[in-house]
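One structure below.
The values are calculated or read from the model by the stated rules, or taken from the named source; none is laboratory data. Given the structure is predicted, the values throughout are model-derived calculations rather than measurements. Every residue, glycine among them, receives a Cβ derived from its backbone with ideal geometry; neighbour counts consider all protein chains shown.
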There are 2 protein chains.
Amino acid sequence: MQATPAYDALTRTYTRLHHLGHLQALAGWDQAAKMPPKGNAARAAALSEMAALLHRMRTDPGLADGIARAEQEALSDLQRANLREIRRDWQRANALPDSLVQRRQLAGSRCEHAWRTQRPANDWDGFLQNFREVVAVAREEAALLADCSGLSRYDALMDRFEPGMTSVELDRLFGDLRQWLPPLIVRVRERQAAQPLVLPQGPFPVEAQRRLCEQVMRLLGFDFEAGRLDVSTHPFCGGVPEDVRMTTRFAEDDFLGSLLGTVHETGHGRYEQNLPREWLGQPMAEARSMAVHESQSLSFEMQLGGHPGFVACLAPMVEQAFGAQPAFEPGNLHRLITRVKPGLIRVDADEVTYPAHVILRYEIERALVEGEIEADDIPALWDAKMMELLGLDTRGNYRDGPLQDVHWTEGGFGYFPCYSLGAMFAAQWFAAMRRQMPELDAHIAAGRLAPVFDWLRAHIWTQASRWTTDELARRASGETLNPAHFKAHLEQRYL
Amino acid sequence: MQATPAYDALTRTYTRLHHLGHLQALAGWDQAAKMPPKGNAARAAALSEMAALLHRMRTDPGLADGIARAEQEALSDLQRANLREIRRDWQRANALPDSLVQRRQLAGSRCEHAWRTQRPANDWDGFLQNFREVVAVAREEAALLADCSGLSRYDALMDRFEPGMTSVELDRLFGDLRQWLPPLIVRVRERQAAQPLVLPQGPFPVEAQRRLCEQVMRLLGFDFEAGRLDVSTHPFCGGVPEDVRMTTRFAEDDFLGSLLGTVHETGHGRYEQNLPREWLGQPMAEARSMAVHESQSLSFEMQLGGHPGFVACLAPMVEQAFGAQPAFEPGNLHRLITRVKPGLIRVDADEVTYPAHVILRYEIERALVEGEIEADDIPALWDAKMMELLGLDTRGNYRDGPLQDVHWTEGGFGYFPCYSLGAMFAAQWFAAMRRQMPELDAHIAAGRLAPVFDWLRAHIWTQASRWTTDELARRASGETLNPAHFKAHLEQRYL
């Protein structure tokens, strides 16, 4: 084996970044799940200091030379994959001048902070005052990232979340979806209108909900020796691969929200808990991308969570948690979970109408970043697209319209497509599993979930960022992203 | 006002250290209170990386020059006090070579980790295998610190916790205590043996205990908007001044342990929450020393917690928490709280026998650091001193003997005296309060604690590290540490 001193030095730097990032991730989780309100200013200052420190480490002038020298060394395939991810991380950190990074942070946190009260107040005009600067900074950032990557501006922003995905490809994928989704929604709604449905009777005590969520997380293989479940306003999966911090939220009048939200986050959590340990600390050992990450949460929430066999396993747990009710009969519980109803709020959407929310946002944010529209144009576009895609009137309701998501407030343009790409990948993974295991649905109905987890572990979790998303998909399922599986899944489940 | 560029640069460095130390403190709290077991290796690596980073910042060669130049600048009294603390912090960080810091960390964490199972197994010989290295490293450290400070070796270690305190002074203070304490214990025991005592009848549900503790913390002025109460194996007060993280532990068969432990930690917590905000981030804004810190926890736990007037305020809360019992009658509750009984375990000791535990440890650790005894000699000395001071036979019981504390496993020699110095200071603060406020005890009995907090805030909390401990004591109480107040307090309360 030849010596690889430059490569070795890079891995040491990235191990240090990983260790310090651990403290950053923990503080982020704590801020959302545990921190008392008066701690916020000190926490923000501490996190900002750490962000600056990590940025300095990533923009150390010596790194460029180190990467160039490492690329001349005799590296194994694995090392070369890691170096590819190191270069990617380095490029992203070094593409932007410090002044822009600071302006982005400032504009984003000002807009996000004001949005917290502007959203309940339905104050679109107030929001615009801050949001215009967020858009201006994002366009500058997009231009710089586009220059050094050769991508279009929007694609350059999306590349932060889903490397390799382009708007040309998205236009193809979503253009197709746009055709068949609205009529599918109509057909499903007609079919479901004829089905009997018994609603659950609350209240559902929070402690009982918490125990149920933990029981289901155990069924789903979450390792409580290497993670926790806590409560936060907006559920998320944070922490580090060695110690995954999941959150949920409880409402006494509805247990399905926390239960399915927990199933969703458990998918993220198991991906993180099963990233390859032998490479931990290196970019190659991180989750492949946000679309692949969402494909795990949606494999759990949608592919499993809406599976009639899995719901039949859940039903007795639900009954044990809250006492027997007609609504908890497995068939009825499944109808409750898979009920399709166009609504204003993305995070409350079912799996059939969800892509409409994503397409709408994608079309708006792409045009916004590319300079084809201005921030002021958003409400009119929103109203038109909601009517077109879901038949809903949203005029004047900014609160439940363009003000509903946190993503744009912080300039997170390019993230939304990952949700639907993840739903498509999830359907593709389960289609591949079924081809390889014809008895898959019988396993699930019997509560034998190990074959599902084994497949995901082998094909997704332990592969981390060893391959590009396309190559990961080819190795896992024999093809790159193919939306036909998602369409087939929805038709099979809902028609 | 003259420009003070060198001083200003130092304050910026210390603000950065404060911000990064925030993340370190949070991760330490989380490790004890929230972290799942498999997260430990990654957390240890992250904390070690951060410790190394902070150490590099503190040992930056430019700092020495900066301090020297700042000392020539025209500084205000406050700035000069801050510079004194900066120099102190810098000296401590720069006195030890990196290799020794690493060996200390390694020896300490190895010994502490093995101790967790060696203690329950009563395995003194196994403990010795690791502990000898801890002692060897501590002696090297003591020698280096002694060289650069002019202190004796033990004093140089103690100086980390209580700057300015010496073993000559401790020998005087503890030598005095050693004379009057054993006969006092005998007299108190005789007196208490004649008093009726009704024991509380458990179980005491954990949720009710938690609510009681939070209620008492509110009575004691803890700001829950700037801190939390959680559970850990060993209660402590951590976090940062802006966000204090207190912990306690609950046992269903005993509520007094968690209640008084919480009162104790609340004293630490209020000190931290009331450090001066305008200087936060600078060494001058930190708590004066560990003896002064313990003087706050013991002002709360012993001066207030054992005060008959305060106990009369507690009694109805206890009754509300667990239902009425004869044991909760105020007089009986006070007798329970102030019951004196020599025991093997320091952390369970009452305020009268507690100093015996400290004196024993001080005498052993001083001799150990100075090289007058070896680690192997500890059990025999322990047995002799426990018999002499408390009349207890500890032969062969290492578990409840020299293996009971965590301090020595990590080389924390010099800390134990702070507990009894703190008890003495607490008595001195309350004596000063009574001189200035003759109606103090009536206030306390009426549940009016604000005068106590106002006094502590003005004289201790907001003074932070502006003065040396001696000067702080003089300004607060008119004299430096005077153990007569502690003796008078015990005699007044227990005879």
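Selection of the stretch B:172-196 for residues being touching a helix residue (DSSP H, G or I) at 6+ places or on another chain (Cβ under 8 Å) and among the β-branched types (Val, Ile, Thr) yields B:Ile185, B:Val188. Comparison of B:Pro205, B:Pro196 shows that the only residue that is within 11 Å of B:Ala321 (Cβ to Cβ) and loosely packed, with under 15 Cβ neighbours inside 10 Å is B:Pro205. On the basis of being within 14 Å of chain B (Cβ to nearest Cβ) and either within 30 Å of B:Asn274 (Cα to Cα) or out of contact with any strand residue (DSSP E or B) (no Cβ under 9 Å at 6 or more places or on another chain) (or both), does A:Gly39 make the cut? Here the answer is yes, as A:Gly39 does meet what is asked.
When A:Gln31, A:Gln24, A:Gln79 are checked against the criterion of being polar (S, T, N, Q), in a helix (DSSP H, G or I) and closer than 19 Å to A:Arg466 by Cα, A:Gln79 stands alone in meeting it. Just to be sure, is B:Glu112 in a helix (DSSP H, G or I) and either among the aliphatic types (A, V, I, L, M) or out of contact with any Leu (no Cβ under 8 Å at 6 or more places or on another chain) (or both)? Here the answer is yes, as B:Glu112 does meet what is asked.
Can you tell me which residue within the stretch A:327-339, out of those that are surrounded by 20 or more Cβ atoms within 10 Å (Cβ to Cβ) and among the hydrophobic types (A, V, I, L, M, F, W, C), is nearest to A:Gly257 (Cα to Cα)? It comes out as A:Ile337. One residue stands out among those in the stretch B:211-234 that are in a strand (DSSP E or B) and closer than 17 Å to B:Leu259 by Cα: the one that is farthest from the other protein chains (Cβ to nearest Cβ), which is B:Val231.
Only one of B:Pro308, B:Pro379 is surrounded by fewer than 19 Cβ atoms within 10 Å (Cβ to Cβ), in the same structural domain as B:Phe127 (by TED's automatic domain parsing) and either in contact with a strand residue (DSSP E or B) (Cβ under 9 Å, 6 or more places away or on another chain) or not acidic (Asp, Glu) (or both); which? Among B:Pro308, B:Pro379, only B:Pro308 is surrounded by fewer than 19 Cβ atoms within 10 Å (Cβ to Cβ), in the same structural domain as B:Phe127 (by TED's automatic domain parsing) and either in contact with a strand residue (DSSP E or B) (Cβ under 9 Å, 6 or more places away or on another chain) or not acidic (Asp, Glu) (or both). The single condition among (1) within 14 Å of another protein chain (Cβ to nearest Cβ); (2) in contact (Cβ under 8 Å) with a residue 60 or more places away in the chain that A:Cys237 does not meet is (1). The residues in the stretch B:214-226 that are of a type outside the set (A, V, I, L, M) and within 19 Å of the chain's Cα centre (by Cα) can be counted, and the count is 1.
For the stretch B:177-191, indicate whether the set of residues that are surrounded by 13 or more Cβ atoms within 10 Å (Cβ to Cβ), away from chain A (no Cβ under 14 Å) and under 21 Å from B:Leu314 (Cβ atoms) is non-empty. Within the stretch B:177-191, none of the residues are surrounded by 13 or more Cβ atoms within 10 Å (Cβ to Cβ), away from chain A (no Cβ under 14 Å) and under 21 Å from B:Leu314 (Cβ atoms). Scanning the stretch A:11-36 for residues that are more than 9 Å from every other protein chain (Cβ to nearest Cβ) and among the hydroxyl-bearing types (Ser, Thr, Tyr) returns A:Thr11, A:Thr13, A:Tyr14. Of all residues in the stretch B:268-285, exactly one satisfies the criterion of being of a type in the set (Gly, Ala, Ser) and more than 21 Å from the chain's Cα centre (by Cα), namely B:Gly281.
Where helices (runs of 4 or more DSSP H) fall wholly inside the stretch A:408-495, the ranges with 3 or more residues that are of a type in the set (A, V, I, L, M) and buried (at least 19 other Cβ atoms within 10 Å of the Cβ) are A:417-436, A:469-477. Helices (runs of 4 or more DSSP H) fully within the stretch B:253-365 that include at least 1 residues being at pLDDT 95 or above, among the hydrophobic types (A, V, I, L, M, F, W, C) and more than 26 Å from B:Gln463 (Cα to Cα): B:256-273, B:308-322, B:330-337. Applying the set (1) of a type outside the set (D, E, K, R); (2) surrounded by 16 or more Cβ atoms within 10 Å (Cβ to Cβ); (3) within 14 Å of another protein chain (Cβ to nearest Cβ); (4) at negative phi to B:Leu151 leaves exactly one unmet item: (3).
Just checking, does the stretch B:436-452 include any residue being out of contact with any strand residue (DSSP E or B) (no Cβ under 9 Å at 6 or more places or on another chain), closer than 30 Å to B:Val137 by Cα and in the same structural domain as B:Gln129 (by TED's automatic domain parsing)? No, the stretch B:436-452 has no match at all.
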